[in-house]
Ligand code: 3HC
């Protein structure tokens, strides 16, 4: 194997260059190369300063995650970094792209950091269920203070070069196109000056002087961190950086890191990291498939869904034309979009100019002909096959040939929709999740005739608009909603058999979902699809509506709500449920939380297995990506299929059998062979 690290002399400066595509991960060869290069620089009297930089698209983007869980091969990253920091010749990190995780730690071990304006720097280990393991939790607070370090270590979002400069993480911003030369000049300017070692810094006095910042941080970010182990460990490590001598702090960091690395949460989150990237790949569509340029998008329907969908493209700078039947509907829809953007601006996440730029790309129409020059049209009309077919028939006659026609259907047969056109190869489903401008998930529904370039284009576009896309086959409810059905069925059955509905919700909350099925029903509105005839009551939902219990919107649904939307279980609802159960003759019994959990979740795994068996998902990990991004499945369990692997498929099968629930042959076969869904 060729050495990914090379060195070049520029007068009295030694430039150490890493070239380890695609992201300069700090694998064993890189670590060994860095160690040798530093030793070479120290041994050579003609070298007075050292620059470390990377070729390719980025500075080191972190430890090599593929090495995690395997026996370590030296030198370790901490060893290499200690050698860098110990150098008595100034060492400068020259940062472009993303200096993440171990990459940020390399930069912290250097004596100085320069960066191009577009660079991003961060410690995202927490997103892998970890904390930095090469002294990042100890060096960063010493350099920038605990308050600035906390969000970086415990939330893990990277910061811009200018922000890094403002907190003292970067010493100088250099030219976007002259990093190599500017870094050398900077290093040369430091020759002969006293060496500043980050591990000897003292900026963290803020955390010692005001220990309340740790609790305040916890309180402010509690919701984001709920259920995750790593953020608490991260906060603890940063706190200790202020209290312990450096060498002891590093020891403590290692302990916490090792605990997390060997735990189930990090395994699940590392699985997810690769799952999200695998989902990007379509097995039989080559990566170099030519794409269809998308310069203009049409959206049919200016309601909540259509408006949300349009915002995705507007935010990405792609012009959108929205079509509606009535001018009032258009005006209302445009008003909502503007308001959403203005709210985002109020929260400081958009500038007024960006709002106007997005709105400036929006046009509206009542005429199909105005969609003629769109490259992609997405319909978000009423979920009814006849209506959808009529829309697609019209689109087929007016929209230019070669354009993609997409349906936002959440259940319907995309192949049948495609028959309304003369170009089924250009038809596919783009299933957005509500609110469509916020939710990350996009199910790309592949019809029987959808062309490879249409699929590849949709996949690429999804990335451009910030979505996590997963390809699904045509089946009722695709991947996500199809798996939701058996869970809902069990939730309904459980409350008829004697489980309290709030216990059903609690079980899912405890598992890590943001809400349970009955809270969800209250949020969405119990009266959705209600026939509005209080005298006709055949289902529990109808009974709730007849009793004026429409959900959160009128303060009572399954739960009673106060003005601050705090919920309490309702005796009235409990009585209604008991009445229904009595009418149907369902015997009542105590139901344990374990039974509730297993009956809610195991049938989903079984459905997921059928989806795989039928080829409706390309891989088990795609199902995990759907459920984590679209339905709030807790990331730290890795998604339903990874979670099933950790439970053991044989246990899932015996659980389903215990409750008399169906087990498909695919799941049974895997369980019998002792296999897992994921690897
Ligand atoms: N290790 C191994 N492989 C990695 C990697 C890493 N740290 N980071 C990215 N890759 C791989 C990806 O799996 C992908 O492989 P594929 O092409 O075979 O699917 C390829 O590199 C390209 O990655 P992306 O598709 O994600 O490329 P983007 O350009 O969209 O994003 C990135 C680049 C922002 C660097 C993104 O890859 C990323 O966020 N990487 C992870 C960063 C990270 O978490 N670093 C911390 C690691 S843990 C650590 O450092 C511990 C330390 O404290 C000891």
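The values are calculated or read from the model by the stated rules, or taken from the named source; none is laboratory data. Keep in mind that this is a model prediction, so the values were computed, not measured. All Cβ positions, even for glycine, are placed from backbone atoms using ideal geometry, and neighbour counts span all protein chains on display.
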- Message: Can you tell me which condition residue 464 does not meet? The list is (1) within 16 Å of the ligand (Cβ to nearest atom); (2) crowded, with 19+ Cβ neighbours inside 10 Å; (3) more than 22 Å from residue 639 (Cα to Cα), and all the others hold.
- Response: (2)
- Query: Among the residues of region 159-179, is any within 16 Å of the ligand (Cβ to nearest atom) and surrounded by fewer than 23 Cβ atoms within 10 Å (Cβ to Cβ)?
  - Reply: yes
- Message: If I ask for residues that are touching a residue at least 40 places away in the same chain (Cβ under 8 Å), under 16 Å from residue 549 (Cα atoms) and not in a helix (DSSP H, G or I), which ones from region 565-604 would you list?
- Response: 567, 569
- Message: I need a count of the residues in region 273-331 that are surrounded by fewer than 22 Cβ atoms within 10 Å (Cβ to Cβ) and either farther than 26 Å from residue 360 by Cα or within 16 Å of the ligand (Cβ to nearest atom) (or both).
- Response: 18
- Single condition residue 231 does not satisfy, out of (1) surrounded by fewer than 19 Cβ atoms within 10 Å (Cβ to Cβ); (2) under 33 Å from the mean Cα position of the chain (by Cα); (3) in a helix (DSSP H, G or I): (1)
- Any residue in region 265-285 that's within 11 Å of residue 65 (Cβ to Cβ): show its pairings with residues that are near the ligand (Cβ under 7 Å from one of its atoms) and in a helix (DSSP H, G or I) at Cβ separation under 7 Å, as long as the two are six or more apart or on different chains. 266/128; 269/127; 269/128; 270/65; 270/128; 273/65; 273/128
- Return yes or no: is residue 136 surrounded by 23 or more Cβ atoms within 10 Å (Cβ to Cβ) and either within 21 Å of residue 268 (Cα to Cα) or not assigned by TED's automatic domain parsing to the domain that holds residue 176 (or both)? no
- Which listed residue, of 109, 94, is touching a residue at least 40 places away in the same chain (Cβ under 8 Å), surrounded by 21 or more Cβ atoms within 10 Å (Cβ to Cβ), closer than 27 Å to residue 160 by Cα and within 16 Å of the ligand (Cβ to nearest atom): 109
- Item | Matching residues, region 468-493, being within 16 Å of the ligand (Cβ to nearest atom) and surrounded by fewer than 23 Cβ atoms within 10 Å (Cβ to Cβ) | 468
- Message: Just to check your reading of the model, which residue among 409, 419 is more than 34 Å from the chain's Cα centre (by Cα) and either surrounded by fewer than 20 Cβ atoms within 10 Å (Cβ to Cβ) or farther than 17 Å from residue 302 by Cβ (or both)?
- Response: 419
- Message: I want to confirm something. Restricting to region 550-572 and keeping residues that are within 21 Å of residue 493 (Cβ to Cβ) and crowded, with 20+ Cβ neighbours inside 10 Å, which single residue is farthest from the chain's Cα centre (by Cα)?
- Response: 570
- Task: Mind telling me which of the residues 100, 150, 123, 130 ends up being more than 16 Å from the ligand (Cβ to nearest atom), surrounded by 23 or more Cβ atoms within 10 Å (Cβ to Cβ) and farther than 30 Å from residue 44 by Cβ?
- Result: 150
- Message: Please count how many residues of region 33-61 are more than 13 Å from residue 8 (Cα to Cα), under 35 Å from the mean Cα position of the chain (by Cα) and away from the ligand (no atom under 16 Å from the Cβ).
- Response: 1
